[in-house]
Amino acid sequence: MAWVRLYTETKNDRKIRRLDPAHRWLWCVLLMMAKESPVEGWLYIAEGEPATIDDIADEANLPIDVVGNGLGTFRELSFIEEVDGVFHLINWEKRQFKSDISTSRTRKHREQHAEQGKENDGVPETSEERSGERSGNVPGTPPEYRVQSNNITPPIVPPYAEIVSYLNEKAGTSYRAASKKTQRHINARWCEGYRLDDFRTVIDKKVAEWKDDPKMAAYLRPETLFGSKFESYLNQPWPPRASPEKPTYLLFNDDNEEVSA
């Protein structure tokens, strides 16, 4: 079971006290999500899948607009930052450090407990002893089994540049891969499990369908292609190609007079 440090000074922190109750709860949820993330301090719902506002709203059981406003407030207060489309809790490493002292103290207690167990071989341990082994019997110290080592290489973020470059090439557009709005749409689909080939397929299908349509060509844009209809676009049949015109043949009779076909 994971755990986070909550400092007693938090109740006196002026920035925290000025937050409305919903945003205080949201901050607690972000701490827990950052702890459970494959890369601690960064908001990933799974390896390589950054948490979206929808994911955070679901975890906190709060409306999306409340979460969006809260994240904006946290940015202004320098609680969080967004790096390449991934939310990061500033000062996480400083405030949520792992204590080597608590680990060594807990290990020492377990060794002593093991020695005592050898001396009392054959005597069933009590519930208090079992509880002491789990907690390490060190007041205020998290159990050793809760201290998890995450020697994980930071997951690769979605290939924004490749996706946007492919769109620009096929649709004749000039969107920027660094756009936060564009990255947000790509992230949302990436979190649902779609990958580079899926994005290319959607682009190819919709370009074939819309590019030559003056009304629809304007919708060859990230917010439309990578939005909520992405799955339906991906699974739609390929647009039929324009059939070439049938050749016209002239027929003549024996007198070399043209006749209808």
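The values are calculated or read from the model by the stated rules, or taken from the named source; none is laboratory data. The structure displayed is predicted, hence computed values, not measured ones. As a convention, Cβ positions derive from the backbone with ideal geometry for all residues, glycine included, and neighbour counts pool all protein chains shown.
Being closer than 17 Å to ALA188 by Cβ and touching a Lys or Arg at 6+ places or on another chain (Cβ under 9 Å) is the requirement here; does GLY41 meet it? The answer is no for GLY41. Among the residues of region 153-204, those identified as polar (S, T, N, Q) and out of contact with any strand residue (DSSP E or B) (no Cβ under 8 Å at 6 or more places or on another chain) are THR153, SER165, ASN168, THR173, SER174, SER179, THR182, GLN183, THR201. Could you please give the count of residues in region 1-25 that are under 25 Å from SER37 (Cβ atoms), in contact with a helix residue (DSSP H, G or I) (Cβ under 8 Å, 6 or more places away or on another chain) and not aliphatic (A, V, I, L, M)? Residues meeting the conditions: 7.
So which residues in region 177-227 are among the hydroxyl-bearing types (Ser, Thr, Tyr) and either modelled with pLDDT under 90 or assigned to a helix (DSSP H, G or I) (or both), if there are any at all? Within region 177-227, SER179, THR182, THR201, TYR219, THR224 meet the criteria.
Condition check ((1) β-branched (Val, Ile, Thr); (2) more than 28 Å from ALA161 (Cα to Cα)) across all residues:
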position	(1), (2)
GLU9	no, yes
LEU19	no, yes
HIS23	no, yes
ILE45	yes, no
GLY48	no, no
ASN61	no, yes
LEU71	no, no
VAL86	yes, no
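Taking the criterion of being exposed (fewer than 11 other Cβ atoms within 10 Å of the Cβ) and under 16 Å from ALA60 (Cα atoms), the only residue of region 1-35 that qualifies is PRO21.
Residue count for region 15-41 under the criterion of being touching a residue at least 24 places away in the same chain (Cβ under 8 Å) and either part of a helix (DSSP H, G or I) or outside the structural domain of LEU89 (by TED's automatic domain parsing) (or both): the result is 14.
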